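Visitor: The structure's right below; bear with me while I get my questions together.
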Amino acid sequence: MDRCASFVGLLCLATGLAAASAPADEPEQVKALLERMAEAVRVLDYQGTFVYLQNNQLEALQIEHRSGENGTQERLFSLNGSPREVVRDGATVTCILPDRDSVLVDQPVAQGSFPDLLGIGLDELAANYRFEWLGRDRVAGRSAQVVAIVPRDNLRYGYRLYLDRDSGLPLKSDLMDEAGNPVEQSMFTSLQVDPDSLERLVGLYEPSPGTRPREAVASQHRWVFSTLPKGFNLDLHELKPSSRDADQVEHFLLSDGLASLSVFVERGGADEALQGGARMGAVSAWGGLVAGHQVTVVGDVPLGTVRQVLQGLRPKGDQP
């Protein structure tokens, strides 16, 4: 994976970082905490240092996050390995690689590693996930409330989140596989929250949001998904330039509101194209030929989920 693209993924992940007995109404209380977390991530100004662990590779990063009338502004700096810096201003992400004397600018369309829970509605997620209270802990010297988002099947991963008691920001995040083992972990080692923004959060927060219906994607494309894993819907379709010829690559983004995966369809095949399944950490991929097109499905989901998506893809007009 391109190092800048991987680093941008860490930026998106960092955006989502930042009573001794279980609550009487546990699922609803946990949903209220998650709603507060999502609002905190959007509204608060903060800075800190966090570590990110994937594939036995540990990376330390520093983040500065500001929210304003023009949207979110962030700066992310690597503290180990090759120097890297990522700056996000609204939808535009700039990756600076000093050792390569290069600056890359991108406008990502896919969501980051941690979603906007207020935007999708937790009631909608409840069809495929359970919300559980796991107690209290301490992270980065701060008191945390520990909650879990647990999948109801083996088609998606779950989360274990350590939410700052004072601000609602997630101090630690574990992405859990089908067996309940962490496949990605991130944790603040230090965090400073701007007091003025914290007052603003208290004034804005209302535990309410309910479910906002997801809109169907209306676009012209040559493919249909005859079957999809339970709970997944098409959120995006776009055309991208092909690296091999003048043809274009079709890109589909599928999501259940929390988990997401991408489907890439390109005419013909290539010797280096993926055939069959592969997995690296939390990322699963499955590739194969469908009606003379190379199809690659990739996402932070179990391997069986990407395989099921590929097997359900067919050209329009073909019988399932």
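Visitor: Could you name the aspartates and glutamates in cross-link range of Lys316, using Cα to Cα under 20 Å and dropping any fewer than eight places away on the same chain?
Guide: Straight-line reach from Lys316, under 20 Å: Asp235, Glu238, Asp247, Glu250, Glu266.
Visitor: Determine the order of Thr305, Thr227, Thr49 by accessible area, beginning with the largest, at a probe radius of 1.4 Å.
Guide: Values: Thr305 0, Thr227 75, Thr49 35 Å².
From most exposed to least exposed: Thr227, Thr49, Thr305.
Visitor: Shifting gears a bit: Ranked highest first by average number of other Cβ atoms within 10 Å, how do 172-183, 151-162 line up?
Guide: For the peptides 172-183, 151-162, the packing ranking is 151-162, 172-183.
Visitor: On the full set of protein chains, 1.4 Å probe, figure out the accessible area of Phe131 and give it in Å² to the nearest 10.
Guide: Ignoring ligands and nucleic acids, Phe131 comes out at about 10 Å².
Visitor: Between Asn70 and Glu272, what length in nm is gained on full extension when 0.36 nm per residue of separation is reduced by their alpha carbon distance?
Guide: Roughly 68.4 nm would be gained on extension.
Visitor: Once fully extended, how much extra length lies between Asn154 and Ser242, figured as 0.36 nm per residue of separation less the alpha-carbon to alpha-carbon distance?
Guide: 28.3 nm
Visitor: Taking 0.36 nm per residue of separation and subtracting the Cα-Cα distance, what length does fully extending Glu85 through Ser190 add?
Guide: 35.9 nm
Visitor: Ok, one more. Calculate, for Leu228 and Ala291, the FRET efficiency according to 1/(1 + (r/R0)^6) with r their C-beta to C-beta distance and R0 22 Å; round to the nearest 0.05.
Guide: Details: r = 18 Å, r/R0 = 0.83.
Once the sixth-power term is evaluated, E becomes 0.75.
The values are calculated or read from the model by the stated rules, or taken from the named source; none is laboratory data. Keep in mind the model is a prediction, meaning the values are calculated, not measured. Every residue, glycine among them, receives a Cβ derived from its backbone with ideal geometry; neighbour counts consider all protein chains shown. Accessible surface is based on the protein model in full, side chains and every heavy atom, while ligands, DNA and RNA are left aside. Shrake-Rupley method; radii C 1.70, N 1.55, O 1.52, S 1.80 Å.
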